[in-house]
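The next block holds one structure in the form of structure tokens; read it before the comments.
The values are calculated or read from the model by the stated rules, or taken from the named source; none is laboratory data. Note that the coordinates shown come from a computational prediction; the quantities given were computed from them, not determined experimentally. Glycine gets a Cβ as well: all are built from the backbone with ideal geometry, and neighbour counts include every protein chain shown. Note: areas computed on protein heavy atoms with side chains; ligands, DNA, RNA excluded. Shrake-Rupley method; radii C 1.70, N 1.55, O 1.52, S 1.80 Å.
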Amino acid sequence: MKPDSAALGSSILNSSWGKKCQVLIAGALLPLAFAPFDLSLFAIVSPAVLFAIWLGDTPRQAMTHGFLFGLGQFGTGASWVYVSINEFGHTGFIVALFLTLSFVAVLALFPLLVGYLVRRIRGSDTIMLLLSIPALWTLGEWMRGWFLSGFSWLHLGYSQTDTWLSAYAPVGGVYLVSWVVAMLAGLLVLLLRHWRRQGIKAVLLSGLLISGGFVLQKVEWVSAAGDALKVSLIQGNISQHNKWQSDQRQPTLSMYRRLTEEHLDSDIVIWPETAIPAWFHSVQDGYLKELTSLAVESKTSIITGIVMANPRTGKYYNSLIAIDSSNPEVQFYNKDHLVPFGEYVPLESWLRGLIGFFELPMSNFSRGGQQQPLISVNGQQIGSSICYEIAFGEEVINALPAASILVNISNDAWFGGSLGPYQHLQIARMRSIETGRPLLRATNTGITAIVDHHGKIQNSAPQDKRLVVSGSVQPQQGTTPYVRVGNMLVIVFMLLLLFFAEMFSGRRRHESG
């Protein structure tokens, strides 16, 4: 007799190795939901594979499957760190690969932990898929967003910047959007596994979540503040290899000044992170003084990135400075949330000198502090962030409601032509949606963009091109619910869901006992 091919296929899929392969592949496909692919349905389908397998797992199996899913997710979606480690850390292929895999493995520990907790809170499939799994997944993302400085990439919510579901962000931030996506994944599993008994309920609940996003999109949480401003964002496209070369300094400074002079009809001109490849004190009395005169005479405010040193303390900072057209005094913002190993080295006394990666240029910055005065240009207060900081919503809202515009300067040249710059812009757009503020994002090699207060890109520049992105921006005032309460609302909500999941599961165990 010929073997039943369907039964054989089912046997393979349900085998131990079959399940391992499924979750690994599902995790590897999840980054397709994010920029630049924007196949947002993968954010529902990929976790659904893992959730379905978790239902029948022991705690040990759930940990293994969660870890493998994480390896796939971050191995494909965050592999761009290899570029900066290998190309700019001068480590060589083997060391760069080892460090990248170690980084991915650490990130995979978060879905591993979620898997363990999922199987500790036992219950029916319905309770697990609608209460415990979505809540634990969301809490796992939140923990990854702050633990050991935090890594906020590839949260499920970021995949929905261009769907109705993004409208949940002004209420509870990206983590509320992640929970909605995880709920839809759970409902998909419930529909497929119990379609006879739970199919109608699953469809109705899914429709309710999606239509909720549609309704919330109609809500205007903020309003215009003053007149629209004309802005120009300069993408200098300076190679990271040449950026700090002494013979490239003057050509770089001349290029930025020339492009600025061509756009003096703008109210604000913004340069990228460390666009001025020199210490502040070395250009203060020459180049910056001339730039200040240019700004005042033309009534054009200028914002740029630079590095600063405090001779009294010996500390130095990755900084943003602003020259307001009506104020010759230079205003400062010093970056507070630093990139581990890129801008400071944890356990420095142990790691420095060990391998070249821990000796990256400018890898010993100091934190600027959270309580810094807001920068003001053209009568508008600015919520400033530098590069990586835009990934942390609860830190961005510290500038609100006073700030009417968000400004992010960055240098994504560290990540070459990888997925990193696309994901970074998508993350930045979520900050606009959460806060109801437009975003001006000037980067060295891309992607420079003007984003409105709904998170929509108004104008942008492609990568690796020297261009000036110009357009108008409308400052906004008012507060969204997320600005008022931050992530606390979602955290409390998730804990309540877990409480109910445990309560219902305990009642079922008591009744069955």
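Some observations on this one:
- Two-site FRET efficiency, Leu498 against Arg367, from Cβ-Cβ distance with R₀ of 35 Å, rounded to 0.05: 0.55
- The chain: angle of helix 169-193 to the longest principal axis, Cα-based, in degrees nearest 10: 30 degrees
- Degrees, to the nearest 10: 195-216 long Cα axis against longest axis of the chain: 20 degrees
- Inter-part distance where region 441-484 and region 187-260 are each reduced to a Cα centre, Å: 9 Å
- Carbon plus sulfur fraction of accessible area for region 371-436, probe 1.4 Å, in percent: 53 percent
- Accessible area (Å², per residue) of the chain, counting only protein heavy atoms and a probe of 1.4 Å: 43 Å²
- Helix 59-77 axis, angle to the chain major axis (alpha carbon atoms, nearest 10°): 40 degrees
- Computed label-point distance, nm, for sites Asn327 and Lys456 using a 7 Å Cα→Cβ extension: 3.3 nm
- Inter-site label distance for His281 and Arg258 at 7 Å from Cα along Cβ, in nm: 3.2 nm
- A straight line joining the Cα centroids of region 368-418 and region 48-90 runs 30 Å.
- Residue pairs, from the table Lys230/Lys456; Lys289/Lys335; Lys230/Lys465; Lys218/Lys456; Lys243/Lys299, whose Cα atoms sit over 26 Å apart: Lys243/Lys299
- Stretchable slack from Leu109 to Phe93, in nm (0.36 nm times residue separation minus alpha-carbon distance): 3.3 nm
- Contour minus Cα-Cα distance for Val219 and Ser472 (0.36 nm per residue): 88.8 nm
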